[in-house]
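Written below as structure tokens is the structure these notes are about.
No lab work stands behind these numbers, since they all come straight from the coordinates. Just so it is clear, the model here is predicted, and its values are computed rather than measured. Glycine gets a Cβ as well: all are built from the backbone with ideal geometry, and neighbour counts include every protein chain shown.
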Amino acid sequence: DAGVIQSPRHEVTEMGQEVTLRCKPISGHDYLFWYRQTMMRGLELLIYFNNNVPIDDSGMPEDRFSAKMPNASFSTLKIQPSEPRDSAVYFCAISTSLYNEQFFGPGTRLTVL
Amino acid sequence: AQSVTQLDSHVSVSEGTPVLLRCNYSSSYSPSLFWYVQHPNKGLQLLLKYTSAATLVKGINGFEAEFKKSETSFHLTKPSAHMSDAAEYFCVVIVNQAGTALIFGKGTTLSVSS
């Protein structure tokens, strides 16, 4: 977990509110991934970036979800407006290559009431 | 289309007995295969990976996996389970052909009893 910082660790919000999840990776890893994990659907890849550029966002469930990576050391995942079915643990992961080990952050547990 | 199937959602073993977690994949191209472990309230950690070198891959904590192309399998094994092995395990397939597919299995929960 030490290579990826995610904040907040826990977030509780009400339906309709905007939620922003943050990821701060250590340098030297060109790939950044966002995942969502639920009991029902397991672990899902939402989007990944290479050198700050979004490469594949086919896993983003709806237009309510958006992700940005303005620089190599910061990425955000935003949900606007949030819905109860968005409740999940969201992970950020980094890698030097698509085929190398991914280093996962500790996750953000999101609860939408 | 590429896919990965973890054949057991839950496996229970006694401490000191062998562990077998099964993973089958479907791919028209040569895949890279990984096993990750997730302990409660933690992110995933790499156990081992196969990337077209030796078919028997050794990982951390005494785990190993064998790539069998004829059976399209990549099962994870350990000779003797330890209580600390209790966790969720994910098999992952990455295929790079006409676009890259990164696919996680649904996970297998391993319980270890004393």
Using the Kirkwood radius built from alpha carbon pairs, what does the Stokes-Einstein equation give as D for segment B:52-108 at 25 °C and 0.890 mPa s, in µm² per second? 187
So which GluC sites (Glu not before Pro) in segment B:60-106 are both in a DSSP loop and have at most 12 other Cβ atoms within 10 Å of their Cβ? B:Glu71
Mind putting a number on the dipole of segment A:11-79 about its Cα centre? Charges go on the C-beta only, +1 for Lys and Arg and -1 for Asp and Glu, and I need it in Debye to the nearest 20. 180
Along Cα→Cβ, 7 Å out, is where each label goes; now give me the distance between the ones at A:Thr76 and A:Arg22 in nm to one decimal. 1.0
Say the dipole of chain B comes from +1 at the beta carbon of Lys and Arg and -1 at that of Asp and Glu; which of B:Met83, B:Tyr25, B:Gly59 then lies farthest toward its positive end? B:Tyr25
Normalised by the residues of segment A:39-113, what does the relative contact order come to in percent, with Cα pairs under 8 Å and at least six apart? 20
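Using DSSP to call loops (not H, G, I, E or B), can you name the GluC sites (Glu not before Pro) in segment A:23-113 whose Cβ has at most 12 other Cβ atoms within 10 angstrom?
Sites meeting the loop and neighbour criteria: A:Glu62.
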Could you check which residue among B:Ala65, B:Ala81, B:Ala53 shows the biggest mean-square fluctuation in a GNM of chain B with a 10 Å Cα cutoff? B:Ala53
If you take the charge dipole of chain A about its Cα centre, with +1 on Lys and Arg Cβ and -1 on Asp and Glu Cβ, which of A:Phe49, A:Met60, A:Thr13 is farthest toward its positive end? A:Thr13
Place a +1 charge on the Cβ of each Lys and Arg in segment B:24-74 and a -1 charge on the Cβ of each Asp and Glu, then give the dipole magnitude about the Cα centre in debye, rounded to the nearest 20. 100
Rounded FRET efficiency, nearest 0.05, which uses the C-beta distance separating A:Ser7 from A:Thr38 and R0 of 22 Å: 0.60
For segment B:16-82 versus segment A:53-100, the gap between their alpha-carbon centres in whole angstrom: 27
Convex hull of Cα atoms in the protein assembly as shown, direction-averaged projection (nm²): 12.5
Quickly work out the B:Tyr29-to-B:His82 label distance, labels modelled 7 Å from Cα along the C-beta direction, and quote it in nm with one decimal. 3.8
Quick one: dipole size for the protein assembly as shown, taken about the Cα centre, charges +1 on Lys/Arg Cβ and -1 on Asp/Glu Cβ, in debye to the nearest 20. 200
Tell me the Rg and the Dmax, in Å, that the Cα atoms of segment A:11-113 produce. 13.1, 38
Please list, by residue number, every one of the trypsin sites (Lys or Arg not before Pro) in segment A:38-72 that is coil in DSSP and has at most 11 other beta-carbon atoms within 10 Å. A:Arg41
Calculated P(r) of chain B - Cα pairs past 18 Å, %: 46
Between B:Ser111 and A:Ser66, what is the label-to-label distance in nm when each label sits 7 Å out along the Cα-to-Cβ direction? 4.5
With an 8 Å cut-off on Cα pairs and a minimum separation of 6 or more residues, tell me the relative contact order of chain B in percent. 37
